[in-house]
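Here the structure comes first, spelled out in structure tokens, and everything after it is commentary.
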Amino acid sequence: MNEKYIRRSITRVILLAAYTAALSASTVIPMNLHDLSAQASQIVTGRIERMTSSRDGATGHLTTRVELADARSLAGDALGTLAVNMAGGTSGDIREWIAGFPALNTGDRVVLFLADETATPFGPTVGLWQGVFFVEQDTTGADIVTDHQRRPITEIRGDQVVAGALRLPRGAVAQTAGPRVSLDTFLSRVRDLRAAANASARK
């Protein structure tokens, strides 16, 4: 590969944070599970079936339509296929991404704490990366939850999510040794926290 091509490819990779000075790791407010549960516009689970990038005529930036198959609401209601638009994407040799946001891939199973507006440089989820969780299986076939870095969640301590130190390779089977938080347990805790937040808001 010649040097001219390498230089051209690098210069066409655009960091979305570059056009919004407010976005940086230092300005993202830490959020616990209570905060995420209370502030999310919608909390959904599903499997990423398709990701399609296109250029926004108004801004010139890329937007990706993320389609979740087998989507379900927090209450467990079937939503069918749910589409979420998010800033960033890949088109030819141009790649745009949101600083700090985890890579989403076709086939990933996710729990998303969605923001009111999803297609912004602040990401589709509340708290940027904090509102993204992945679902994997352990050796028994049980669904477990990992954080945005794909570290298995070992405990929910009050409203704090505790994750293990080791990341799982994407699609890897999690070993059963050590504590793991199941998807059902995770969603049950989120439902309780969201209900408590809603009850407090009504007072």
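The values are calculated or read from the model by the stated rules, or taken from the named source; none is laboratory data. Since the model is a prediction, treat every value here as computed from it, not as a measurement. Cβ coordinates were reconstructed from backbone atoms using ideal geometry, including for glycine residues, and neighbour counts include every protein chain displayed. Only protein heavy atoms, including side chains, enter the accessible area calculation; ligands, DNA and RNA are left aside. Shrake-Rupley method; radii C 1.70, N 1.55, O 1.52, S 1.80 Å.
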Rg and Dmax in Å for the range 61-142, alpha carbons only: what are they? 13.6, 43
At what distance in nm do the modelled label points of Met51 and Thr139 sit from each other, each positioned 7 Å from its Cα along Cα→Cβ? 3.1 nm
Non-local amide H neighbours of Leu168 (under 5 Å, H modeled in plane, Pro and chain starts lacking H): which ones? Arg151
Enumerate the amide H contacts of Val111 below 5 Å, restricted to partners 5 or more residues apart or on another chain; note that Pro and chain-start residues carry no placed amide H. Phe133, Phe134, Val135
What do you reckon, how do Met51, Met86 stack up by accessible area (1.4 Å probe), largest on top? Met51, Met86
Which GluC sites (Glu not before Pro) does the range 100-203 hold that lie in a coil by DSSP with at most 11 other beta carbons within 10 Å? Glu117
Could you check how much of the accessible area of the range 82-203 is carbon and sulfur, as a whole percent, using a 1.4 Å probe? 49 percent
Integer Hz, Karplus 6.51/-1.76/1.60 couplings in order for the range 93-108, x for Gly and Pro: 8, 9, 10, 10, 8, 8, 4, x, 7, x, 5, 9, 10, 4, x, 5
Go through the range 38-46 residue by residue and turn each phi into a ³J(HN,Hα) via Karplus (6.51, -1.76, 1.60, θ = phi - 60°); whole Hz please, and just put x for glycine and proline. 6, 8, 5, 5, 7, 10, 9, 10, x
Note the direction-averaged projected area, equal to a quarter of the hull surface, for the Cα convex hull of the range 72-203, in nm². 9.7 nm²
